[in-house]
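Have a look at the structure below before the remarks.
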Amino acid sequence: MNIDKTSFTNAINDLLKIVLTLGIGALGSIIFIYLNLPIPWLLGAICATSFAVRYDTLPLKSPKIFSSPARVIIGVTIGSAFSPEILNYLNVYFFSLLLVIPFTIITILLGMFYYYKILNFEKKTAFFCSIPGGLIELVILGEQIKADTRKITLVQSSRLLFIILSLPFIVHYIFHVDVSGNQVITETLSQIDLKQLFYLVCIGTIGAIVGKKLNLFAAFLMGPMFLSIFAFSIGFVDSRPPDELLKFVQVIFGTIIGFTFKGIKLDEVIKTLLSTFGHFIILACITTAFTLTVSYFFDFPIMSILLAFAPGGQADINLIAIIVGANVPYIAIHHIVRLFLVMNLANIFAKKLE
C-alpha cells in the first residue's frame, strides 16, 4: 500500500513538473506573440524552455509523455490536406521525389566529410551525425554500434534547432507569409461539429494502434496519417483538428526541443552549436540548390518545395507546413520518402561500421 501511495505521489509530482514546463513554454509563446515574431507558439516555447532548463532550481520535466498524442494529431491533420485534386500534380510529385535520392546521398556524404575530416569525429559517430532525420532512431542505432550517442544527440538536436528557428523567419520575411500567432490555422473548437471531432479522435486512435501493430516507422504519425488520408478522400469526415489543439501541439514540441539541452554545460552547448552551424550552412546550400532546381523545372510554389527538401524532422516540418498553409501532401510525401531512405541507409551502414 505504501508503494502504491509513493508511486501515486511521484506521478502527481511529475505531472506538476510537466505542467510547469508547458506553462513556461506557453509563456514564451505569449512573449513571442507580443513581439510579433513568426510562429510564436513553437519558437517561443523552444526559447523559453531552453532558457529555463539552465536553472536546476526549477522543478521541470520534459513533456515527452505528450509526444505520441501530439504526433497523432499532426498525422490526422496532414491526412486532412489530401484531396482528389492532388492527382493533377502527380507528374510534379514523381520527378520531384526522384530528386530526394541524390539530395539524401549528397547530404550524408558532405555531412560525413564535415564531421569526420574537419571536426575529427570518430567515423561511426560522424556518420550518424550527418544523417538528416530520425533523432531517437539514430541514437538507438548509434548505441548498438558503440558510437558516441551523447555527441549524436547534441549534434542532431542542434541541427533541428537551427532548422526550426530559421525556417519561420525565411517564410515570414522572404515569402511574406503571415505566421504570427493571431491567424487561425483550422476551425476553432467552438466551430467544429462534435460528431466530426469524435470521428477525428477515432481516426487518430485507430490509426495509431494499427500503425503500432504493423510496426510502421514513426507509427503514431504515419498510422493516423494514412487512415486520415483515406477518411478524407472518401468524404467520411471533412473537419480538421481544432485550431487550439494545433497551437497546444506546437507548445508541446517546442518544450520537448528546448528540453534537449537540460543538464548540459553551457560551454558545451555553445561549442556544439558553433560546430554544428558549419553543417547547417552546408545543409542550407544543398537545400537551396535542390529547391531552385525543382522550382526551375516545375511551375510549383517555391515555399512548398523548400519545406519538402528542408532536412528537419517529419513532424516538425509538417507542422510548420500546416501553420503557413503550404502544400502539405507534397511536403509530407517527400519527407516520408527521405525518412525511408535515411533509415534504410542508416541500418545498412550501421552493420558495415560495427
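The values are calculated or read from the model by the stated rules, or taken from the named source; none is laboratory data. Remember, it's a predicted structure, so these values are computed and weren't measured experimentally. Every residue, glycine among them, receives a Cβ derived from its backbone with ideal geometry; neighbour counts consider all protein chains shown. Side chains included, ligands, DNA and RNA excluded: accessible areas come from the protein's heavy atoms. Shrake-Rupley method; radii C 1.70, N 1.55, O 1.52, S 1.80 Å.
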Query raised in the report: By the scheme Lys and Arg +1, Asp and Glu -1, what is the net charge of all other residues having a beta-carbon under 15 Å from that of residue 253?
Result: +2
**Report entry** Spin-label model distance (nm) - residue 123 vs residue 209, 7 Å beyond Cα toward Cβ
**Finding:** 4.8
Query raised in the report: For the range 190-243, which whole-number percentage of the solvent-accessible area (1.4 Å probe, protein heavy atoms only) is attributable to carbon and sulfur atoms?
Result: 67
Query raised in the report: Using the Cα gyration tensor of the range 156-236, with a ≥ b ≥ c the square roots of its eigenvalues, what is the shape: rounded (a/c below 1.5), prolate (a/b larger than b/c) or oblate (neither)?
Result: oblate
Query raised in the report: Given 5 Å bins starting at zero, what is the percent of C-alpha pairs of the range 1-141 in each, up to the one with the largest pair distance?
Result: 2, 8, 9, 10, 12, 14, 16, 14, 8, 4, 2, 1, 0
Requested in this report: Calculate the translational D of the range 90-237 in whole µm² s⁻¹ from Stokes-Einstein, where the hydrodynamic radius comes from the Kirkwood formula applied to all Cα pairs, the temperature is 37 °C and the viscosity 0.692 mPa s.
Outcome: 173
Report task. Under 16 Å Cα to Cα from residue 123, which aspartates and glutamates show up? Leave out anything in the same chain fewer than 8 places away. Result -> 143, 148, 354
Report summary line: Residue ranges of DSSP H helices in the chain that stretch 18 Å or more (Cα, own long axis) and have mean Kyte-Doolittle hydropathy of at least 0.0 are 2-34, 67-80, 100-113, 149-173, 194-213, 219-233, 243-259, 266-297, 328-353
Query raised in the report: What nm distance separates the two modelled labels at residue 30 and residue 217, each placed 7 Å from Cα along Cα→Cβ?
Result: 4.1
**Report entry** Percent accessible area from carbon and sulfur atoms, the range 39-99, protein chains only, probe 1.4 Å
**Finding:** 69
Query raised in the report: What accessible area, in Å² to the nearest ten, does a 1.4 Å probe give for residue 172?
Result: 40
Requested in this report: Please report the Cα spread of the range 280-330 along all three principal axes, rounded to whole Å, starting with the longest.
Outcome: 28, 24, 13
Query - Relative contact order (percent, whole number), the range 96-226, Cα cutoff 8 Å, 6+ residue spacing - result: 12
Report summary line: Sorted largest first, the C-alpha extents of the range 159-315 along its principal axes in whole angstrom are 50, 46, 37
Requested in this report: Identify the chymotrypsin sites (Phe, Trp or Tyr not before Pro) of the range 1-72 meeting these criteria: DSSP loop state and at most 14 other C-beta atoms within 10 Å of the C-beta.
Outcome: 55
Query raised in the report: When ligands, DNA and RNA are left out and all protein chains stay put, how many square angstrom of accessible area per residue does the chain have with a 1.4 Å probe?
Result: 48
**Report entry** Rounded if a/c under 1.5, otherwise prolate or oblate - the chain, Cα gyration tensor axes
**Finding:** rounded
Requested in this report: Would you list which lysines come within 21 Å of residue 265, measuring only between C-alpha atoms, while excluding same-chain residues fewer than 8 positions from it?
Outcome: 61, 151
**Report entry** Ordering of 273-283, 154-164, 200-210 by packing [mean C-beta count within 10 Å, highest first]
**Finding:** 154-164, 200-210, 273-283
Query - Value of [θ]222 nm, deg cm²/dmol, for the chain, DSSP H segments ≥ 4, -39500 (n - 2.57) each, nearest 500 - result: -24000 deg cm²/dmol
Query raised in the report: So how do 15-21, 261-267 stack up, highest first, on mean other-Cβ count within 10 Å?
Result: 15-21, 261-267
**Report entry** C-alpha center-to-center spacing [the range 218-287, the range 313-354] in angstrom
**Finding:** 11
